[in-house]
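Trainee: Shown below is the structure under consideration.
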């Protein structure tokens with residue numbers, strides 16, 4: 001059994017520890033909320049710019065015809081080219097991360 005000052009010390013540590021944990025959680029939540037607010041503001045500005053002049057084409061929107069409206073041979077060839085390009089990019093990335101002793105030059 002603890003003496004009276006032991007119980008006081010134990011409860012003091014529990015209260016301070018709990019307050020610290022709640023403070024850290026509140027700080028993390030505040031940082032997430034401010035980051036979310038900044039992102040929502042940025043998205044709002046982008047939407048406002050898009051709505052200000054709807055006749056101006058945006059560069060990030062690529063007008064492509066859907067695959068259903070294209071010739072299947074062309075779609076298949078485009079798919080194959082993308083797969084080959086992706087495999088090459090993956091090969092280059094993996095070669096760059098390979099340790100020097102395992103590189104084949």
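Trainee: Answer rounded, prolate or oblate for the chain, using the Cα gyration tensor with square roots of eigenvalues a ≥ b ≥ c: rounded when a/c is under 1.5, else prolate when a/b is larger than b/c, else oblate.
Mentor: Values: a/c = 4.13, a/b = 1.77, b/c = 2.34.
Oblate, because a/c is 1.5 or more while a/b does not exceed b/c.
Trainee: When the chain is fully extended, how far beyond the present Cα-Cα distance does residue 83 get from residue 52, taking 0.36 nm per residue of separation? The partial results should precede the final answer.
Mentor: On the way: separation 31, 0.36 × 31 = 11.16 nm, distance 3.85 nm.
Taking residue 83 through residue 52 to full extension adds about 7.3 nm, to one decimal.
Trainee: Which FRET efficiency value, to the nearest 0.05, is calculated for residue 15 and residue 37 with the Förster distance at 35 angstrom and r the Cβ-Cβ distance? Please report the intermediate quantities before stating the final value.
Mentor: Numbers: r = 32 Å, r/R0 = 0.92.
For residue 15 and residue 37, the calculated efficiency is 0.60.
Trainee: When the chain is modelled as a GNM with alpha-carbon springs shorter than 10 Å, which of 85, 50, 33 fluctuates the most?
Mentor: Between 85, 50, 33, it is 85 that shows the largest mean-square fluctuation.
Trainee: Still on this structure, I have one more. Okay, helix-only estimate at 222 nm for the chain: each DSSP H run of n ≥ 4 adds -39500 (n - 2.57), divide by all residues, round to 500 deg cm²/dmol; what do you get?
Mentor: On the way: 2 runs with 75 residues, N = 105.
It lands at -26500 deg cm²/dmol.
Trainee: By how many degrees, between 0 and 90 and to the nearest 10, does the Cα long axis of helix 4-52 differ from the longest principal axis of the chain?
Mentor: Once rounded, the angle reads 30 degrees.
Trainee: Given axes a ≥ b ≥ c from the Cα gyration tensor, I'd like to know whether the range 1-58 is rounded (a/c under 1.5), prolate (a/b larger than b/c) or oblate. Kindly include the intermediate steps, with their values, before the conclusion.
Mentor: Values: a/c = 12.61, a/b = 10.16, b/c = 1.24.
Prolate, because a/c is 1.5 or more and a/b exceeds b/c.
Bear in mind that the values in this text are calculations on the coordinates, not laboratory data. No experiment lies behind these values; they were computed from the predicted model shown. All Cβ positions, even for glycine, are placed from backbone atoms using ideal geometry, and neighbour counts span all protein chains on display.
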